[in-house]
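To keep things clear, I will list the structure first and then write my remarks on it.
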């Protein structure tokens, strides 16, 4: 049996910050509730109450809801209209597809002066002769019955013939009541015998298949049985779901100690092994994942990254220097970059521009044949050569110095003053050459 609980009501009141006292509307449909309770105490200001498609058998515990305007109890197991006399503000009542055969119980709504709309379609009482006239005559405040307008002429005719109509209705109601009692006794016996004999040792799947293929009567007992079968079917599904495959146990190392490659988190990655000095692993960690949920472990022959208890492990071709390894994460993309220098790699010291010039200006030696003073040739002698600064190397150290006038003639090879040619006459009126 499903009961109304505080948690159930609070979940339906999420749009109202889960506060129950000021709640004015609540929908508790399709919850398999079998009894109305607690709502008038928890939500005294309710104006709209929707409880269709449940298993409610009796209208009760609503007399404190003075502000209730609309009550929907369609598709339930209600057989009598009662306990709504003190719902003073009730304007609309929906009892579609219930089992109301005692139509005289409508007289309990006479004092609900604001009641304008009533729905009784699908109830046994709607099959009675003169059903509509009896309802209109009994409840003169109604404006709509089963979605149809009530004309003034209909109300006049119903009131004129109400005593005769009521006697006929009472006779049909009594006949239905006797049939209903027999039906209830028979169905309860048949259902009990089915579960004790036929369904007892039957396979659950076969039982469900047989039940849903059989024709059934429209009655509260059958609705209860349908709900029972549905619950059993759901339990069987839950049992199957519980038999989940055993969680895979990952092995991190082979019997010979070689690390396995594992990508349990199924994260994209890029491994760069082209650099002769280091390995670089670029792991596409989720962008908005907290860095506290990421753990990096670098070992000489493998790297392991744990992302929210999911393992990523990669075997390294060569040993790495774990003390100089680094792990950085991008604040923009979230990627994790692990840099692992190779253990036996020769790390070259960077050479500055000044050192480069020094190296290029170093004295180089070569073996070549020279001729000595005595004129002997063919003797191999080592001679040292000085090489000046190369023409294709820029000297950035003098970029900020002021530019000097270029000297096109090397000072070392400047020629002395040239003597004038014979017959030269120096004319003082001619200006000197600049």
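Derivation of every value follows stated rules applied to the coordinates shown; laboratory data play no part. Values in this document were obtained by computation on a predicted structure and should not be read as measured data. Here the Cβ positions follow ideal geometry from the backbone for every residue, glycine too, while neighbour counts run over all protein chains shown.
Report the relative contact order of segment 1-92, percent, no decimals, based on alpha-carbon pairs under 8 angstrom and at least 6 residues apart.
After rounding, I find 24 percent.
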Segment 147-238 shape via C-alpha gyration tensor axes, a/c threshold 1.5: prolate
Could you tell me whether segment 6-175 comes out rounded, prolate or oblate from its Cα gyration tensor? Rule is a ≥ b ≥ c as square roots of the eigenvalues, rounded for a/c under 1.5, then prolate if a/b exceeds b/c, otherwise oblate. prolate
How far is the Cα center of segment 272-330 from the Cα center of segment 137-188, in Å? 80 Å
For segment 6-175 the mean separation of alpha carbon contacts under 8 Å (6+ apart) over residue count, i.e. relative contact order in percent, is 14 percent
Modelled FRET efficiency - R0 41 Å, residue 104 with residue 6, Cβ distances, 0.05 increments: 0.65
So how much slack lies between residue 309 and residue 89, counting 0.36 nm per residue of separation and subtracting their Cα-Cα distance, in nm? 73.4 nm
Length added when fully stretched, residue 343-residue 267, from 0.36 nm per residue minus Cα-Cα: 24.6 nm
Report the extension gain between residue 193 and residue 291 in nm, rounded to one decimal, defined as 0.36 nm multiplied by the number of residues separating them, less their alpha carbon distance. 28.9 nm
Quick shape check on segment 81-237: root eigenvalues a ≥ b ≥ c of the Cα gyration tensor, a/c under 1.5 is rounded, otherwise prolate if a/b tops b/c, else oblate, and it reads prolate
Which percent of Cα-Cα pairs in segment 262-341 sits in each 10 Å bin, short to long? 19, 56, 24, 1
Which residues does a label at residue 148 reach in segment 157-175, if reach means a backbone N under 14 Å from a point 7 Å past the Cα toward the Cβ? 158
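How high is the relative contact order of segment 262-341, given as a whole-number percent (alpha carbon pairs under 8 Å, six or more residues apart)?
Relative contact order here is 33 percent.
Based on the Cβ-Cβ distance from residue 58 to residue 177, what FRET efficiency comes out when R0 is 25 Å, to the nearest 0.05?
Values: r = 17 Å, r/R0 = 0.67.
Efficiency, rounded to the nearest 0.05: 0.90.
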